[in-house]
Amino acid sequence: MSNAQIGRRALLRGAGGLTALAALPSLSACGSGTSRSGADSGGKGGKMVVVRDSGGSYGAALQKAIYTPFTQETGIQVKVLNLDDAPLLAQIKQGRPQCDLINNSMMSHTKYVKQDALEALDLDRVKSVKSARIPEAQVTEHAVAHAFYGQCIGYRTDAFGGKKPESWADFWDTKAFQGSRAMVHPDGDLPELEFALLADGVPMDKLYPLDVDRAFKVLTRLRGDIKKFWDSGPLPGVLLSRQEVTMSTVWDGRLADLQKQGVPVERQLNGMRRQFSGYAIAKGAANADNAYQLMDFSLRAESQAALVKFFPSNPSSPVAYDKLTDKERNASAGAPKYYDKGFDADVDWWLKNESAVTKRWLEWARG
C-alpha cells in the first residue's frame, strides 16, 4: 500500500467531508508538508509541472521511477508537494491551485468531483490509457487509476503449528487459529465490513450493497479477541513482529520489509479488498498541458512496472506485469495468479454510506 493512503480517512469521512474542508483557509506554499524539485531537472525553457503526492518512501520511489525519467525525456521540471486534502481543496475553491496533477485515491477524486475541484479529462491526450489497457472501471471522466493497494490478512507463520489461514473465516476462528487479532480503525482506512461478511459466508461477488447489520453482528463475535485497532500502515507489522497479535488486517505491501528482516510473517490474499489510486488534474491548473504529459508518462505500462522495482506497488495496467521478472510479478498482489482472489471496493456504496458506517463503528468499538 502506498503512503498516499495513510491518514486520509481522518480527513475524508463521508461525501460531505470535503465541503467542510473547503471552508478552511488556504496555506502558502501549498500548505503543509514538504516540496522538492525533481533530480536532474534543469527544465528546458523553464517548463514545469507541480504534482501532489504523499512523500515518504512512496514519494522517493516515484522520484526515481517516474519524475526523473520524465524530466529527462521531456525537459519538464517536476516539483512535488506533499499536501493534505484540506489546503489543496481550499486553494482550488479559491481559484489558486498550487498543484497541477494530483496523485490520490480514486475515492478521494470522486469526492473532489462533487466539489467541482477537478478538470474533466480529455483522454485523447492520455494515449497510455489504451496502450497500457487500464481497466474501463478505473477510467472516469476526471481520473485514471495507476495502481491499487490491497487490504488482506497478515499472520505469523510460527503461530498455528504449521497451519495456514486460508480465508476470513479462519481469521474469525480463534479456536483453530489461536491468538489476538488487530483490525483497522476508520482513521486508517474504510471499516472492514466486507471481511466480516466474507467470514460469515457471503460470496465475494454478492457483497454489495453491504448488509451492515449482519456485518456488525459478525464483528461483535470477534470483538473480544481484537487487541488493537490500527490507524497507520506500519502498525500491523509492528504488532505481528512483537507477537502482540497472531493475525491482523494489513495493507498487502507492508510485510515485505519484515520478511527481509527474517520476521516469520506472511500474507493471505484470498478475499483481499482492492482500492485504487489515480491521477487527476486540479481545476484551474496553471500547467495543465504539462500535467497531461506527466499523467500520460506515469500511466505507461513501462512506468508502472518501473515503480514496482522501487516500491511494492500493484499496477493498474495488466501489461505492466509482463514487464516484471517472475519474482517481482509474484510479489505483487495484482499479479494474474492473485487477482481473482480479491474484489474491488465499491466506491459509490462507500461514498453514500461511509459517514453513517463510521459513526456506527465508533459506537461499536466503544462497546
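Computed about its Cα centre, the charge dipole of the chain is approximately 600 debye, with only Lys, Arg, Asp and Glu carrying charge at their Cβ. Over the C-alpha atoms of segment 233-367, the Rg to Rh ratio, Rh being the Kirkwood estimate, stands at 1.03. Ala169 label point, 7 Å along Cα→Cβ, cut-off 16 Å on backbone N: hits in segment 260-277? Under 16 Å, as judged by backbone N against the label point of Ala169, lie 270-272 of segment 260-277.
Given R0 = 41 Å, the distance between the Cβ atoms of Lys327 and Glu141 translates into a calculated FRET efficiency of 0.65. Convex hull volume of the C-alpha atoms in the chain, normalised per residue: 131 Å³. Considering segment 312-367 at the alpha-carbon level, its Rg and Dmax are found to be 17.2, 49 Å. Accessible surface comparison of Glu141, Glu266, Glu302, probe 1.4 Å, protein chains only, largest first: the order is Glu141, Glu302, Glu266. The modelled label-to-label distance between Lys352 and Glu302, using points 7 Å beyond Cα along the C-beta direction, is 4.3 nm.
Counting each DSSP H run of 4 or more residues in the chain as -39500 (n - 2.57), what helix-only mean residue ellipticity at 222 nm follows after dividing by all residues, to the nearest 500 deg cm²/dmol? Write down the numbers at each step before the final one.
Values: 18 runs with 135 residues, N = 367.
One gets -9500 deg cm²/dmol as the mean residue ellipticity at 222 nm.
Expressed in units of 2.2 N^0.38 Å, where N is the residue count, the Cα radius of gyration of segment 35-182 is 1.41.
Helix hunt in the chain: which complete DSSP H runs extend at least 15 Å axially by C-alpha with mean Kyte-Doolittle at least -1.0? In the chain, the long hydrophobic H runs are 212-222, 288-299, 347-366.
If you count only protein heavy atoms and use a 1.4 Å probe, how large is the accessible surface of Phe297, to the nearest 10 Å²? Spelled out: Phe297, probe radius 1.4 Å, area about 20 Å². Taking a straight Cα-Cα cut-off under 24 Å and skipping sequence neighbours fewer than 8 places away in the same chain, the lysines within cross-link reach of Lys260 are Lys64, Lys163, Lys164, Lys309, Lys323, Lys327, Lys337.
Keeping all protein chains in place and using 1.4 angstrom, which order do Arg133, Arg125 fall into by accessible surface area, from largest down?
Working: Arg133 140, Arg125 100 Å².
Largest accessible area first, the list is Arg133, Arg125.
For segment 43-104, the percent of C-alpha pairs falling in each 5 Å distance bin, counted from 0 to the bin holding the largest distance, reads 4, 17, 26, 22, 16, 11, 3.
Calculated on the alpha-carbon coordinates, the convex hull of segment 103-203 measures out at 158 cubic angstrom per residue.
Show log10 I(q)/I(0) for segment 193-265 at q = 0.13, 0.23 Å⁻¹, two decimals, from a solvent-free Debye sum over equal Cα scatterers. Evaluating at q = 0.13, 0.23 Å⁻¹ gives log10 I(q)/I(0) of -0.49, -1.01. Distance from a point 7 Å along Cα→Cβ of Leu362 to each backbone N in segment 156-194: keep the residues under 19 Å and list them by number. Answer for this model: 183-193.
The values are calculated or read from the model by the stated rules, or taken from the named source; none is laboratory data. Every value quoted in this text rests on a predicted model; they were computed, and no experiment measured them. Cβ atoms come from the backbone with ideal geometry, glycine included; neighbour counts cover every protein chain shown. Accessible surface is based on the protein model in full, side chains and every heavy atom, while ligands, DNA and RNA are left aside. Shrake-Rupley method; radii C 1.70, N 1.55, O 1.52, S 1.80 Å.
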